[in-house]
1. Rounded to the nearest 20 Debye, what is the dipole magnitude of the chain about its Cα centre when Lys and Arg each give +1 and Asp and Glu each give -1 at the C-beta?
2. From the residues Gly94, Ser229, Pro239, which one has its Cα farthest along the dipole of the chain in the positive direction, the dipole being from +1 and -1 charges on Cβ of Lys/Arg and Asp/Glu about the Cα centre?
3. Tilt of helix 144-176 relative to the longest C-alpha principal axis of the chain, in degrees (0 to 90, nearest 10)?
4. Sort Ser229, Ser45, Ser85 so that the residue with the fewest other Cβ atoms within 10 Å of its own Cβ comes first and the one with the most comes last.
5. Across bins of 10 angstrom width beginning at 0, how are the C-alpha pair distances of region 218-329 distributed, in whole percent?
6. Between rounded, prolate and oblate, where does region 71-202 land on the alpha carbon gyration tensor, with a ≥ b ≥ c its root eigenvalues, rounded for a/c under 1.5, else prolate if a/b exceeds b/c?
7. Give or take rounding to whole Å, what are the principal axis extents of the alpha carbon atoms in region 102-177, in descending order?
8. Report the charge-dipole magnitude of region 102-177 in Debye, nearest 20, computed about the Cα centre from +1 at each Lys and Arg Cβ and -1 at each Asp and Glu Cβ.
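Read the figures in this text as sums done on the coordinates, not as results from a lab. On a predicted model such as this, the values are computed, not experimentally measured, just so you know. Positions of Cβ are backbone-derived with ideal geometry, glycine not excepted, and every protein chain shown enters the neighbour counts.
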Amino acid sequence: MRKLNTWIVYIVAIAALGIISGCGDHDAEEAQKNTKPVVRSTIVSTTQVEVSTLEITEPSVGALESIFRPEVSAEVEGRIIAAHSKAGRQVVVGQLLVELETEDYLIAERGAQAEAAQLTALHNNQKRTVNRYAKLVEDKLISTDRYDDAKAQLDALEEQLNAARARLKQKQRGLTKTRVISPYTGVVDQELASIGDFVKVGDPLLRITKIDKLRARLPLPETLAPRISRGLVVKLVSPLDPETTVTSVIEEIRPIVGTSNRAIDVLTIIDNPGKWQPGASVTGTIVLEKRENAITVPLASVVLRPAGKVVYVVNDNTVQQQIIETGEYVGDRVEITSGLSGDETVVVNGAGYLTDGAPVTISTSK
């Protein structure tokens, strides 16, 4: 009887455990049904699509040149006794550059003055004689032939006096030419004669580089030749004055491609802004084309997917994959030729981790 009771207790315990286990499994299944999966969003930064005028540019590093490099030459012969300007110094119009020996020209000037003075005296005396003869002819005290002879002598003396005065001016001018004056404003590029040298007419004394107007020579790849034309805008910057930008236009195009570098040269003439010098380097940015109402996005917004190039457009807290076509790359932005209308907000940082319809959290940090 005792054993029977023991078995009954054992069976009841097993049944109770089964009931409890069944209730636990049912509660676990119900909890699993009521639990929603956790969706994680990607933290991204966004930007508004830009619609603006897009400039298609081509950079080039070239050099500045002087348009005028005239040589100042001797206009009279003589020995150089003084030089008042050295290479590298700036000169202005009217500044004394070189002095030549003047002794021979002073002697010639004094000789011409004496000759002119002698002929002046003869001319004045003959003029008085003619005036006197004119009255005598009226009174019929001398013949007309005698008056005519005196008048002819006066005319001859007058021509001789004019010639003497011209020679005097020539000698005086020669004397002034012993002082070589700068005809230009610029910088002395090179001294071509020294103190003590005897120079003849036409011998170069020094070379002056004019710096008020400069020419920028910019090389470009030969592949750009079809896109280059006169009148295109060029923006120039020189390391001599990096804060200054000079805007000009292409004025000349070198017609022959360089055999050493396979490049064409474009030339533009500018007014010197002040600190630029011939021979210095210059960076030119040539505006090849302007496109109005161009749509651009940051380069980081464009990612490559199996469907092609895409951007992710933000819509509430999710993104939509938008297939696009790109145009020109300008700096850190790219032109979008199709796929966007211009009023969208697109993902920038984090675009590479997204898929179509992915949830996102927009970062507010700068």
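1. On the way: 42 positive and 47 negative charges, 121 e Å.
The dipole of the chain has a size of about 580 debye.
2. Farthest towards the positive end: Gly94.
3. 40
4. On the way: Ser229 11, Ser45 17, Ser85 21.
Ordered by Cβ neighbours within 10 Å, fewest first: Ser229, Ser45, Ser85.
5. So the P(r) values, bin by bin, are 11, 29, 24, 19, 13, 4.
6. In terms of gyration-tensor shape, prolate.
7. So the extents along the principal axes, rounded to whole Å, are 56, 14, 12.
8. Details: 14 positive and 12 negative charges, 57 e Å.
Dipole of region 102-177, to the nearest 20 debye: 280 debye.
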